[in-house]
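The values are calculated or read from the model by the stated rules, or taken from the named source; none is laboratory data. As the structure is a prediction and not an experimental result, all values here were calculated from the model. Here the Cβ positions follow ideal geometry from the backbone for every residue, glycine too, while neighbour counts run over all protein chains shown. What goes into the accessible areas is simple: the full protein's heavy atoms, side chains included, and nothing from ligands, DNA or RNA. Shrake-Rupley method; radii C 1.70, N 1.55, O 1.52, S 1.80 Å.
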Amino acid sequence: MTVNKCQELNDIEECVNSNRLYHSDKYHEISEVEQTRIQKDLLDWYHVEKRLTMPWRKDNDLSWDRQALGQRAYEVWVSEIMLQQTQVATVISFYNRWMEAFPTIHDLASADIERVNTLWAGLGYYSRAKRLWEGAQKVVNQLDGLLPNNAKDLQAEIPGVGRYTAGAVASIVFGQSTPVVDGNVIRVLARIRAIHADPKKAKTIDLFWDIAASLVPQSKPGDFNQALMELGARVCTPQNPDCSHCPIQKDCRAFKQLELVKSLSKNGFFAEKKKRKQIEIEHECSTCHALDTNLVEDDYTVTRYPLKVEKKAPRDEECAVSIVERISPNKEPLYLISKRPETGLLAGLWEFPTLELTSLESKYNERVKGSSEYLKMRYGLEFDTTPHRQDLGNVVHLFSHIRKVYHIEWIQYEHGKDLDDEKDVKWVTLEELKISPIPTGLKKALKLLEKYKTTTSTPLTKKTPVKKAPVKRTIKTEDTPTKRAA
Ligand code: SF4
């Protein structure tokens, strides 16, 4: 029998009594009574529970002058873009460093993009840092240094500002009653309205925005939006929602369904399969999809919302990375790095010579050959004497859509002459390398080299002993954004 899950869950009690089920789009709407109650309960909870450890979370007053509100808008904008990358706890230190370097939008606008990328390194998605920088320049050069004070203009005029960021800045800083929808909000709304549909589909996303818009109050819209996100991050979590401490439990359909199922179970409903099959279904919901299902009691948990859709597995890519270390006449090691193209993955960052591989080249001997040719062709690099070459193992880095395996090789050689830097290619000291904007995956590669050097001497350098000395290993890193996770 084909049934619609939310339909079945919604009216299951009625079903038992009448053998008939009816479910329509109205099931997802918020009534006026619910709206008022949710607004009040959530704001009351937030004013007691809100986390004050976030440096961007400050009181702001709508009576402030436009300059002061503009400064707050800049701070919230930066924090919101960073929070699209990773968790709150991680963002705090990045945010503090950023604000120390670029305390105002004017400082950011006049900064060098290399410096911007350096401060962003570790957050992933460098294109967002670039758009922040471009946005700051537009605001300073064309908008008198002031970010627009409403969601529509923010989204229309500022590079990289989408509907979510525009709503967050406009509501939090300028008190505009406009909604926000991020991953946490989607989870809460899917549960309180029992929306069992693909949350990535445009129609479902539109529904979330409509519900969020129907909830956001005229008074304190910024607090309300932050409360909704905070509830998702701390109470209505993906795996273990704490329903017993949830301020909006009484308006949550997922929770009600669970309670109902418990009581039906006591009355033996789930044992009577025959009776369930007699139920007549009338389905008019245009969002939740119909499923062929025969749910058992254990299926009825609040975590069935939002609907889980299978993620496409990231594709595998491999590359050969050469950490080329030149020992100069004064014995100081210098490392070869070059700048990536201005568009595409890791745009504008610096990297060690990196050769994309086919699977046929994944053996070390084959990579050595390929890398040598690449170093000669791309960098004009030929060695006067035989260099010391060492396979250091792998670094695996996960982007949202790519699983990248970096095969790391260290090439150490001596060179008596100075080599000139060229445009987008340079030789840097270890200290310079460590503060260069290079991707996280390659920073891990450098750590492999440093660890290796603690155990082994070469004809050109002595080992640098430390207590522990792992030799080869694989390090996994991740660059997958989690929208406003805890
Ligand atoms: Fe989430 Fe539970 Fe609260 Fe519903 S009652 S919103 S499922 S925490």
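How many of the residues making up segment 304-331 are under 28 Å from residue 184 (Cβ atoms), surrounded by 19 or more Cβ atoms within 10 Å (Cβ to Cβ) and of a type in the set (Gly, Ala, Ser)?
Here the count works out to 0.
Being surrounded by fewer than 16 Cβ atoms within 10 Å (Cβ to Cβ), at pLDDT below 95 and over 25 Å from residue 159 (Cβ atoms): is that true of residue 40 here?
Considered against the rule, which asks whether it is surrounded by fewer than 16 Cβ atoms within 10 Å (Cβ to Cβ), at pLDDT below 95 and over 25 Å from residue 159 (Cβ atoms), residue 40 comes out as no.
Kindly evaluate residue 197 against the criterion of being within 22 Å of residue 56 (Cβ to Cβ) and among the small types (Gly, Ala, Ser).
Considered against the rule, which asks whether it is within 22 Å of residue 56 (Cβ to Cβ) and among the small types (Gly, Ala, Ser), residue 197 comes out as no.
Yes or no, residue by residue, for (1) within 8 Å of the ligand (Cβ to nearest atom); (2) open to solvent by 10 Å² or more (accessible area, probe 1.4 Å); (3) modelled with pLDDT of 90 or more:
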| site | (1), (2), (3) |
| --- | --- |
| 199 | no, yes, yes |
| 204 | no, no, yes |
| 209 | no, yes, yes |
| 214 | no, yes, yes |
| 222 | no, no, yes |
| 225 | no, no, yes |
| 238 | no, yes, yes |
| 243 | yes, yes, yes |
| 246 | yes, yes, yes |
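Does segment 49-62 contain any residue that is part of a helix (DSSP H, G or I) and either open to solvent by 30 Å² or more (accessible area, probe 1.4 Å) or in the same structural domain as residue 205 (by TED's automatic domain parsing) (or both)?
yes
Using the structure shown, decide if residue 352 is more than 29 Å from residue 456 (Cβ to Cβ), buried (at least 17 other Cβ atoms within 10 Å of the Cβ) and of a type in the set (Phe, Trp, Tyr).
no
With (1) under 22 Å from residue 210 (Cβ atoms); (2) under 23 Å from the mean Cα position of the chain (by Cα) as the list, and residue 150 as the residue in question, which single condition is left unmet?
(2)
Anything in segment 248-260 that is closer than 23 Å to residue 308 by Cβ, touching a residue at least 24 places away in the same chain (Cβ under 8 Å) and either surrounded by fewer than 16 Cβ atoms within 10 Å (Cβ to Cβ) or more than 6 Å from the ligand (Cβ to nearest atom) (or both)? List them, or say none.
The answer is 253, 257, 258, 260.
Name the single residue that is surrounded by the most Cβ atoms within 10 Å (Cβ to Cβ) among those in segment 355-380 being more than 36 Å from the chain's Cα centre (by Cα) and modelled with pLDDT of 85 or more.
372
Can we say residue 148 is touching an Asp or Glu at 6+ places or on another chain (Cβ under 7 Å) and at pLDDT 95 or above?
yes
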